[in-house]
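The values are calculated or read from the model by the stated rules, or taken from the named source; none is laboratory data. Just so we're clear, the structure is a prediction, and the values are computed from it rather than from any experiment. Neighbour counts are summed over all protein chains in view; Cβ atoms, including those assigned to glycine, are modelled from backbone coordinates with ideal geometry. The accessibility values were calculated without ligands, DNA or RNA, using every heavy atom of the protein model including side chains. Shrake-Rupley method; radii C 1.70, N 1.55, O 1.52, S 1.80 Å.
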Amino acid sequence: MSTADAAAPALDPRRWYGMAMLALGMSLIIVDATIVNVAVPTIIGDLKINLGTAEWINSIYSLVFAALLITVGRLGDLLGRKKLFLVGLVIFVLSSMGAGLAPNGSVLIATRLVQGIGGAMILPATLSIINATFRGRERAIAFGVWGSIIGGMAALGPLLGGWLTTNLSWRWAFYINLPLGLIAFLGALAWVRESREPSTQRGFDLPGFLTVTIGLAGIVFALIEGETYGWWRPDQPFNVFGWQWPFSTISIVPIAGIVGAILLIAFVWIEWRRRQADQLVLFNLDLFQLRSFSLGVLTVTIVSLGELGMVFVLPLFLHGVLDYSAFRTGIALLPLAIGSFTAGPLAATFSQRFGPHRVVSLGMALEAIGIFTVGMLLSTTLSPWALVAPLLAYGFGLGLASAQLTSVVLAEVPTANSGQGSGMQSTFRQVGSALGIAILGTTLAIGLNNETQDQLAKVPNLPPAAAAQITTVVKATAGQILSTFRQQPGSEQIVAVVSQALTDASRNAAFIATAFVLLGCVASWFLPDTRGADHAVPASDTAIAEAVTV
């Protein structure tokens with residue numbers, strides 16, 4: 001890493017204008033992960049697609065996004081991080097236009113896939129540029145802004161999606177990216193400084209690219225789709241672009257997971273061998289010799305299992321049990337966004353005084369308290385005002401933890417390897433979130449199924465066949481069939497039973513999410529104090545610095 005590369009960006013007077021453009025670009029990809037959720041029922045009716053196709057509209061984005069993070073992060077190091085950000089914006093905006101114009105489900109799935117490619121370029125590029133541009137207290141503030149956007153925009157997605165779908169069209173959930181993406185592109189072009197790895201090595205790590213991309217795709221697919229297609233035996237046929245899984249005795253899910261795990265093991269071996277042979281590597285495993293990086297990535301993975309759990313569970317409860325519209329559900333989640341946006345900038349001040357590692361611990365503790373309190377409050381007669389305080393605490397903790405945890409992970413990573421480090425921590429965050437949602441989704445489905453089955457058995461004069469059919473559809477829709485039941489005369493008792501079942505299942509999911517966040521809080525106590533690190537590796541770690549700077 002050259003001295004000029006490390007020092008010059010901090011003197012750039014345009015750096016905060018550039019930070020605003022990075023924040024805007026990242027906001028688009030975070031919102032797009034949640035904005036479509038509330039539009040799915042309308043999309044199903046408009047495009048005349050089935051539930052399986054609708055599920056792919058959601059999951060293909062996250063699948064591609066997570067699978068490509070490491071690869072494109074490395075490309076940013078070599079080719080230029082600003083260039084990667086701009087290209088990612090172009091791909092994301094054009095595919096958003098295609099999604100808005102999609103005439104059928106297949107085209108919409110294809111454009112969502114391309115959106116995932118663009119998003120995978122944008123996220124590690126923003127982290128790498130921040131890592132290379134800011135120093136000292138400014139760096140803590142920049143990561144504070146980054147972290148507050150993660151939680152805040154995830155909560156704003158359903159609100160924005162609900163408003164656009166209700167007042168304009170579901171297609172505007174995609175069209176909204178066009179003007180905002182153009183602003184981010186032009187602003188970044190003018191104000192973001194280019195940086196790249198000053199390496200003489202050229203070429204491309206094709207074996208590493210293939211094994212990590214396909215391996216992560218298999219793992220993330222299994223985590224996201226296990227509950228839908230069956231963890232072992234097929235629960236329903238798997239179809240995509242006209243191709244159908246041919247086996248009826250085993251689901252595609254365990255096969256995808258096993259193949260993915262084998263390929264990831266092969267990826268680690270390939271990268272080690274290439275590093276020993278002094279060849280270009282996609283990811284330098286020597287980064288794990290940095291204590292802040294290795295312990296930070298471990299903490300990221302653990303806390304991601306439960307960190308955004310309630311963002312997944314709570315909308316299902318509010319829509320199903322309390323019969324909230326998509327827009328009203330978004331309004332109910334606003335305190336979460338407000339707390340997150342408020343905490344991000346304050347995290348810098350706390351970090352300078354107490355150390356970023358302790359700010360992470362505080363944030364996770366507040367998250368755990370907020371999630372646990374929400375779980376305790378859930379009931380069929382819940383007032384939304386009761387959720388304001390715990391959601392504010394949850395959001396405030398999320399803003400603190402997300403911002404400074406990323407700062408800790410990247411604190412000792414040399415600027416030359418920012419893309420690798422950023423891509424790796426983002427991948428662990430995404431895989432952790434996918435696994436957490438899979439666990440919470442399974443908990444919700446099992447609890448909903450068992451509780452509904454038990455309670456329906458007590459309903460007088462309800463035939464067993466009808467009870468079994470109701471239980472099946474309740475589980476398949478995660479309780480969202482309640483809105484249909486309410487419209488049927490004489491179904492009050494069934495509505496009461498299913499509402500209570502969904503409430504109990506949501507509460508259990510909240511408690512599991514709390515346990516994951518608390519475990520992450522414990523792990524965070526082992527993080528080192530990285531104040532003043534700013535990529536300056538201590539003298540005792542000179543060998544690591546030389547190994548890491550490829």
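Residues of segment 313-353 falling in the label zone of S491, defined by backbone nitrogen less than 19 Å from a point 7 Å along Cα to beta-carbon, are 316-326.
Rounded if a/c is under 1.5, else prolate if a/b beats b/c, else oblate: with a ≥ b ≥ c from the C-alpha gyration tensor eigenvalues square-rooted, which is segment 62-110? Judged from the Cα gyration tensor, segment 62-110 comes out oblate (a/c at least 1.5, b/c at or above a/b). Working from Cα pairs under 8 Å separated by at least six residues, relative contact order for segment 345-494 is 18 percent.
Ranked by the mean number of other Cβ atoms within 10 Å of their residues, highest first, the peptides 178-190, 20-32, 387-399, 477-489 come out as 387-399, 20-32, 178-190, 477-489.
Per-residue accessible area (protein heavy atoms, 1.4 Å probe) orders K83, K475 as K83, K475, starting from the largest. Each Lys and Arg contributes +1 and each Asp and Glu -1, all at the Cβ; summed about the Cα centre of the chain, the dipole is approximately 660 debye.
Helix 51-79 and the long axis of the chain differ in direction by around 10°, with both axes built from C-alpha atoms. Across the chain, Cα pairs under 8 Å and at least six residues apart give a relative contact order of 22 percent. To the nearest ten degrees, helix 492-524 and the longest principal axis of the Cα atoms of the chain are 20 degrees apart. Projected label points at V107 and T472, each 7 Å from Cα along the beta carbon direction, are separated by 3.5 nanometres. Accessible surface calculations at 1.4 Å, restricted to protein heavy atoms, place segment 358-409 at 30 Å² per residue. The Cα-based radius of gyration of segment 366-454, divided by its Kirkwood radius, gives an Rg/Rh of 1.13. One decimal place: the segment W272-I258 gains 2.9 nm when fully extended, by the rule 0.36 nm per residue minus the C-alpha distance.
Split the accessible area of the chain by element, probe 1.4 Å, and carbon with sulfur accounts for 68%. What FRET efficiency comes out for T166 versus D529 if R0 is 45 angstrom and r is the Cβ-Cβ distance? Round to the nearest 0.05. Computed FRET efficiency for T166 and D529 comes out at 0.40.
Over segment 193-300, Cα pairs under 8 Å with separation of 6+ residues give a relative contact order of 31 percent. In µm²/s, what is D for the chain at 37 °C and 0.692 mPa s, where D = kT/(6 pi eta Rh) by Stokes-Einstein and Rh is the Kirkwood radius from Cα pairs? Reported coefficient: 138 µm²/s. For K475, the lysines whose Cα comes closer than 21 Å to its Cα, not counting residues fewer than 8 places off in the same chain, are K458. Computed over segment 434-507, the range of Cα coordinates on each principal axis works out to 40, 22, 19 Å, biggest value leading.
Nearest 10 degrees, 0 to 90: what angle lies between the long axis of helix 15-32 and the longest principal axis of the chain (Cα atoms)? Compared with the principal axis, the helix lies near 30 degrees. Annotation: extensible slack from I481 through T380 equals 34.8 nm (criterion: 0.36 nm per residue apart, minus Cα-Cα distance).
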